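Please treat every number below as a calculation from the coordinates, not as lab data. Please read these numbers as outputs of a predicted model, since none were measured by experiment. When we count neighbours, we look across all protein chains shown, and the Cβ atoms used for this are built from the backbone with ideal geometry, even at glycine.
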Amino acid sequence: MRSASRRQPGTAAAPVILAGLLVAGGCQGPGAGTPIPEAESAEGAAFRNQCSRCHALPHPERHTYDQWRHYLELMDQRREERGMKALTGTDRERVVTYLRKHAKNGED
Ligand code: HEC
């Protein structure tokens, strides 16, 4: 019997090359990953500012508006844990408006 296990085509290098391509190709637009809609509007700017401080900016189409409202409550808790005030005022309004408009299955 001949050993088949000696023939291993160069699969090990493929993931490395792929990762390199993703990194090089993935950085158009503000923040990493898929560009968000209307990033330059006041609402888009508030969303980018407020929601990329502790983690990468989530894409608005990742969740429905109802889910986003739930996450906003959750993020207020995360902010408090870090000694930050809850998100209020114009910033919160803009973020809410932005997510209502651009969420998955957007209402409106
Ligand atoms: C004070 C830091 C902080 C800020 C500011 C913040 N987050 Fe988060 N966020 C976290 C932490 C920590 C987690 C991971 C733990 C968890 O799920 O609670 C998280 C998780 C999430 C998740 C769930 C995990 C995922 O990847 O799907 C979503 C969605 C999210 N954040 C959205 C937002 C949005 C929208 C904003 C802007 C309003 C925001 N975050 C601002 C700290 C923050």
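Go through L99, L87, L57 for me and flag whichever is out of contact with any Cys (no Cβ under 8 Å at 6 or more places or on another chain), closer than 18 Å to I36 by Cα and of a type in the set (A, V, I, L, M, F, W, C).
L99
Would you pick out the residues in the range 56-85 that are of a type in the set (K, R) and more than 13 Å from the chain's Cα centre (by Cα)?
Answer for the range 56-85, where residues must be of a type in the set (K, R) and more than 13 Å from the chain's Cα centre (by Cα): R69, R78, R79, R82, K85.
Return the residues of the range 50-85 that are near the ligand (Cβ under 9 Å from one of its atoms), surrounded by 13 or more Cβ atoms within 10 Å (Cβ to Cβ) and not in a loop (DSSP other than H, G, I, E, B); say none if nothing qualifies.
Matches in the range 50-85: Q50, C51, P60, Q67, W68, Y71, L72, M75, D76, R78, R79.
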